[in-house]
1. Only four residue types carry charge here, +1 at the Cβ of Lys and Arg and -1 at the Cβ of Asp and Glu. Report the dipole size of the chain about the Cα centre in Debye, rounded to the nearest 20.
2. Looking at the chain, send over the antiparallel percent of its DSSP beta bridges, to the nearest 5.
3. What is the sum of charges around GLY144, taking Lys and Arg as +1, Asp and Glu as -1, for the other residues whose C-beta is under 13 Å from the C-beta of GLY144?
4. Could you give P(r) for the chain, binned at 20 Å from zero, as whole percent values over all Cα-Cα pairs?
5. Taking amide hydrogens as modeled 1.01 Å from N in the peptide plane, which residues meet the under 5 Å criterion relative to PHE145, leaving out close sequence neighbours?
6. Give, rounded to the nearest 20 debye, the magnitude of the charge dipole that the range 2-74 has about its Cα centre when Lys and Arg contribute +1 at Cβ and Asp and Glu contribute -1 at Cβ.
7. Give a residue-ordered list of calculated ³J(HN,Hα) values for the range 335-348 (Karplus: 6.51 cos²θ - 1.76 cosθ + 1.60, θ = phi - 60°; whole Hz; x for Gly, Pro).
8. Hey, what did the chain get for relative contact order, percent, Cα under 8 Å, at least 6 apart?
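The values are calculated or read from the model by the stated rules, or taken from the named source; none is laboratory data. Quantities reported herein were computed from a predicted structural model and do not represent experimental measurements. Cβ atoms come from the backbone with ideal geometry, glycine included; neighbour counts cover every protein chain shown. With ligands, DNA and RNA removed, areas are computed over all heavy atoms of the protein, side chains included. Shrake-Rupley method; radii C 1.70, N 1.55, O 1.52, S 1.80 Å.
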Amino acid sequence: MANYQQAVKLANKAIVLDAIRTHEPISRATLAQTLGLTKATVSSLVEELITEEYCYQTGLGKSSGGRRPLMLQFNERAGFAISCDIGVNYIFTTMSDLRGMVIFEIHRFFDTNDFTRTVMEVKSMIDTCINNMSPSPFGLIGIGFGVPGLVTKDGIILSTPNLDWHQSNLKEIFSDHYDTSIIVENEANAGAYGEKTYGAAKNSESFVYISAGMGIGAGVVLDGKLIRGASGFTGEVGHTTIVDGGLKCRCGNYGCWEMYASEMALLSSFKQNGTPREIEPLIERAETDEKVRATFEKIGYYLGIGLTNIIHTFNPEKVVVGNRLVQAKELIETEIQQAVTERTLPALIAETEIVFNENYQYASVQGLAAFSIEHFLEKQFHYFG
Ligand SMILES: [Zn+2]
């Protein structure tokens with residue numbers, strides 16, 4: 001019985017904290033009313049939450065007749081999450097507070113093909129974040145990694161088609177090094193979760209996030225849930241065939257979508273004088289060079305064809321285009337829209353909006369932070385609803 005009562009108390013405490021996080025600033029009376037708990041129960045749970053530094057008391061709120069109530073706020077600086085988005089040609093590491101707000105960041109162009117060098121670079125970035133962390137009751141609450149590859153539901157990287165990683169157990173390597181929770185996710189799934197929690201798809205129940213970087217991946221949210229599939233590999237859309245018998249892809253197949261519509265496809269078109277490493281200078285050149293401009297437009301056309309398949313498959317209310325190709329939005333948007341409009345069934349296109357995430361670099365790291373924060377709170381309360 002004692003255990004049961006303790007479990008109920010912990011569950012109520014989690015619900016009170018969740019309500020403070022969602023509705024802050026909020027008074028004890030409003031909490032009791034909203035949650036259907038007695039004022040005495042709420043007061044005692046709030047006292048514990050304040051002592052444990054999950055929340056704090058702030059100024060006086062509006063009176064509803066009597067004394068003006070003291071308001072409660074979530075203590076977003078009670079701990080910090082570190083997130084690391086490992087792309088094919090960059091590493092982006094951030095530190096976020098418990099509201100998911102990025103408060104420190106390091107971005108570096110980096111060829112991540114060499115696993116050992118990548119791990120060393122990532123460790124040095126994480127250490128820099130830790131050195132910049134202000135004192136807090138919980139300190140580092142978790143580290144999340146987003147990787148371009150197949151990641152099982154248990155965070156094991158099975159394969160990275162665009163990287164020559166043979167040994168790649170990030171979870172084990174970093175668990176040995178840092179005494180905190182380690183989460184490893186596919187970067188497109190993390191991006192979709194970031195868009196759902198903090199970004200362009202915050203109010204969408206069904207949407208697809210397209211990570212258009214060196215490869216192409218998708219994170220699929222249907223009816224409010226991130227879809228993972230039987231093994232956790234939903235969204236490997238970059239390897240769907242778009243040209244029968246087309247270019248050979250690193251996955252072994254021919255004519256994959258990402259061979260025609262990714263940053264890698266774009267860079268490959270300019271390899272006469274050595275393949276350029278980034279698209280930024282090409283975007284600049286496109287302003288004056290008609291040929292460069294046409295190459296971007298072709299990428300847009302193929303992106304549109306692939307998006308048509310996605311819209312027909314998932315019937316999303318929104319498609320959020322993210323990752324590095326977003327920088328070329330001005331050069332590819334018209335072609336994407338045209339290809340989609342021409343090919344999609346009218347009933348489906350009428351419901352679907354295609355948007356670009358202008359803050360594209362934050363989607364994955366924010367998703368990783370959201371995963372770490374949720375995991376931390378679940379662990380603290382054994383229940384979080
Ligand atoms: Zn492929």
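1. For this selection, approximately 960 debye.
2. Percentage antiparallel, nearest 5: 60.
3. Working: positive: LYS171; negative: ASP85, GLU185, GLU187, GLU374.
So the surrounding residues net to -3.
4. 26, 51, 21, 2
5. CYS84, ILE183, VAL184, GLU185
6. About 340 debye.
7. My calculation for the range 335-348 gives 5, 4, 4, 5, 4, 5, 4, 5, 9, 8, 4, x, 5, 7 Hz in order.
8. Relative contact order, the chain: 16 percent.
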